[in-house]
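Notes for the one structure printed next.
The values are calculated or read from the model by the stated rules, or taken from the named source; none is laboratory data. None of the values given here were measured: they were computed from a predicted structure. Cβ: placed from backbone, ideal geometry, glycine included. Neighbour counts: every protein chain shown.
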4 protein chains.
Amino acid sequence: MKKREREILERAKKLFSEKGFHSLTVSDIVDSLGIARGTFYLYFKNKDDIYRRVLEELVKEISSRLKLLPLENPLGQLRENVREVLNLFVEDRELARLILYHPYRLNPEFDAVLETFFEEVKGLVESALLTGMEMGIVRECNVNVVSAAVLGAFLEVGRELLEGKIPSVEVAVDELLELSLKGLLEG
Amino acid sequence: MKKREREILERAKKLFSEKGFHSLTVSDIVDSLGIARGTFYLYFKNKDDIYRRVLEELVKEISSRLKLLPLENPLGQLRENVREVLNLFVEDRELARLILYHPYRLNPEFDAVLETFFEEVKGLVESALLTGMEMGIVRECNVNVVSAAVLGAFLEVGRELLEGKIPSVEVAVDELLELSLKGLLEG
Amino acid sequence: MKKREREILERAKKLFSEKGFHSLTVSDIVDSLGIARGTFYLYFKNKDDIYRRVLEELVKEISSRLKLLPLENPLGQLRENVREVLNLFVEDRELARLILYHPYRLNPEFDAVLETFFEEVKGLVESALLTGMEMGIVRECNVNVVSAAVLGAFLEVGRELLEGKIPSVEVAVDELLELSLKGLLEG
Amino acid sequence: MKKREREILERAKKLFSEKGFHSLTVSDIVDSLGIARGTFYLYFKNKDDIYRRVLEELVKEISSRLKLLPLENPLGQLRENVREVLNLFVEDRELARLILYHPYRLNPEFDAVLETFFEEVKGLVESALLTGMEMGIVRECNVNVVSAAVLGAFLEVGRELLEGKIPSVEVAVDELLELSLKGLLEG
DNA sequence: GATGAATGAGACTTCATTCAT
DNA sequence: AATGAATGAAGTCTCATTCAT
């Protein structure tokens, strides 16, 4: 990727994160960089294109943090990944805002990027579950539903973390795992 | 509310649900009803106004289904409410789509409507948890985090249900509750 | 004129005077009276119609104050009329504002009403001048130009009076007459 | 100022002068120039903005013609300025129409432009009067009132000149000055 | 006489995108 | 590679006026 392209992409990420897709205009981006309107279109087909590419980079960044940990410890894998990504959210709030407050249904392509990513995550959870079942440490369950639930729980907790309603990543990780593993019942 | 106002609101709900906030124009709404543009503005200040009102009605409708069940059975309350709302989502897919795929950050007012509603729901979960703890049937936990996680799990499962990835409400309810109550661990 | 018609006309005078022609809507008028929109159109053809009628009433009211005083004292007549109308302006500020800050060229009819009226006034000044000349107390001059100048001086002084930049009608009358009769030169 | 900006401004001046503020639309302006709607908004914030700028240019043009003539001849200064501006009115009828038939109270900003200008003119007259008094060639008078009256006389005579009711600038100047200096009385 | 819901023409404005330089 | 003036489709909203009741 050209230096200029990268420069525009980074600025767009920052600005989309601040203003959201719709409020941000192409002019905002180029003005912010002090370049010409036309320059933008040398590197990006249109506004949707750059937003999609921002999203793609973000999900790629998150994906790269997700680890397939040793098979003998599938639930440890879950915990590690949860911690890793929540930490990423806290370190890169722009990324977090874009992922967690994505405005659905502006453009099917956008939704597809996140959808694909979330499917990947759910797949990861599912294989952890299946492995766990084989090992006899995870009870029988509908892995589809459970992986969706785990992802949803994770995303909502991520939002609360972003908004400062949860004091620390550690608390969030612990509670998410306690809940997922042992549930709420006493004993 | 006037008959005409109701008529416009219902149509808007349907159309917003189909096309999303941005793709839908005021002209789409009035053309769909065969009325004049100006008529729309007799009843609604502008496009944001009607969208906000649609959201408000929806969250009111959901709220009215949420029951505060007998105190002696706080977790039964949780199950009843989960079932109730998931059923509502299946019966009224327009409502479900609008709530579950809300495009964040178009307008702070819109987000506030949902935010307020979700806070209400989390409050409900929290009091169920606290009551359960007092009764000794729920383990100690951070109710803030856990209620967020439960809500998130619920919303994501709702999405999968809406998309037909989960076969029935009963499966969804059962898995959500099993997960929340007993977690994933065997035994 | 019907009572209702009068009522609308008076309110319109007040409101046009406050907000000007363009900023005032027909809704403003009917809302202010608590009557229905349709009622307005029972008595007035349209918005232009009522504005024109307001103007017509005003110029008629001013005209009725203009006196053709005894021929032997044409310049006394001028003074009396100046005083009379400036007093009217001070007493009825709505009338004054409408006449003195008329927005030209919205509608030729509106301009015609004032134009006709101003022509009448200039005619009055002209005949005073001509009589004065015949009597040998007024110097030869181009009565067209002079009557326009006198009217213009009067109107501008009226505006200053309305805005409180001139302390009293008496001062205004005295200065206008001194200027018109004796000019500015010493001796 | 850019060439295109100037082009739009000049055309707007012409069109506002012909049709008045209200009847003229932004579309009229751009259609008349054969340019796109959006182009207008590259150079002007909105319709009010361009009208204000037209007015500002006009008063600046007139101001630049107003001279502070030698102190020893304050009344000569008055005459020169009157002649100068009336000539300008005759040469540039668009300018004259816009200044002399300004539609008051559409927008306070518009009125402020003219108000400021007229205050400047009155200030000029006032200082001529004060100088004249010091020199003993002007009688004692209320300079506020008199300067307003002189301005008003001038403006109304300007209108008559514009409408062809006064045959020439010279006649207008002579009568205005005769009236201002010597008044109407014989001898 | 009175109502007021409904109309719809018409104005304003934004902004993603193009293209000649 | 870069520019930025120009485009024009698309949208929002207002308000004078009508007409069935």
Inset, instruction - Kindly indicate whether any position in segment B:122-143 is within 13 Å of the chain's Cα centre (by Cα) and hydrophobic (A, V, I, L, M, F, W, C). - result: no
Legend entry - Count of segment D:86-106 residues which are among the β-branched types (Val, Ile, Thr) and in contact (Cβ under 8 Å) with a residue 60 or more places away in the chain: 1
Inset, instruction - Looking only at segment B:106-127, decide whether some residue is in contact with a Pro (Cβ under 6 Å, 6 or more places away or on another chain), within 25 Å of A:LEU179 (Cα to Cα) and not aromatic (Phe, Trp, Tyr). - result: no
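Please state which one of D:GLU134, D:GLU120, D:GLU140 is within 19 Å of C:ARG159 (Cα to Cα) and among the charged types (D, E, K, R).
Matching residue, one of D:GLU134, D:GLU120, D:GLU140: D:GLU120.
If you check C:GLU10 against the conditions, is it within 21 Å of the chain's Cα centre (by Cα), away from DNA strand E (no atom under 16 Å from the Cβ) and surrounded by 13 or more Cβ atoms within 10 Å (Cβ to Cβ)? Spell out how you get there, then give the answer.
Details: within 21 Å of the chain's Cα centre (by Cα): yes; away from DNA strand E (no atom under 16 Å from the Cβ): no; surrounded by 13 or more Cβ atoms within 10 Å (Cβ to Cβ): yes.
No.
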Legend entry - Residues of segment C:144-172 satisfying the condition of being facing another protein chain (nearest Cβ under 7 Å) and small (Gly, Ala, Ser): C:ALA148, C:ALA149, C:GLY152, C:ALA153, C:ALA172
Inset, instruction - Considering only residues that are surrounded by 17 or more Cβ atoms within 10 Å (Cβ to Cβ) and farther than 30 Å from C:LEU176 by Cβ, look in segment C:48-88 and name the one that is nearest to DNA strand E (Cβ to nearest atom). - result: C:ILE50
Inset, instruction - Taking only segment D:108-143 into account, find how many residues are closer than 30 Å to C:ASN107 by Cα and at the interface with another protein chain (Cβ under 9 Å from one of its Cβ atoms). - result: 2
Inset, instruction - Just name the residue that is farthest from DNA strand F (Cβ to nearest atom) out of those in segment C:13-44 that are within 23 Å of the chain's Cα centre (by Cα) and among the aliphatic types (A, V, I, L, M). - result: C:LEU15
Legend entry - Selection status of A:GLU175, facing another protein chain (nearest Cβ under 9 Å), of a type in the set (Asp, Glu), within 17 Å of B:VAL150 (Cα to Cα) and under 18 Å from the mean Cα position of the chain (by Cα): no
Inset, instruction - May I ask you to list the residues in segment D:45-82 that are within 14 Å of chain C (Cβ to nearest Cβ), among the basic types (Lys, Arg) and more than 16 Å from DNA strand F (Cβ to nearest atom)? - result: D:ARG79
Legend entry - Residue list for segment D:13-39, filter: crowded, with 17+ Cβ neighbours inside 10 Å and charged (D, E, K, R): D:LYS13
Legend entry - Check on A:ARG79, assigned by TED's automatic domain parsing to the domain that holds A:ASP174, among the charged types (D, E, K, R), more than 27 Å from B:PRO103 (Cβ to Cβ) and touching a residue at least 24 places away in the same chain (Cβ under 8 Å): yes
Legend entry - Residues that are assigned to a helix (DSSP H, G or I) and not charged (D, E, K, R), drawn from segment B:1-21: B:ILE8, B:LEU9, B:ALA12, B:LEU15, B:PHE16, B:SER17, B:GLY20, B:PHE21
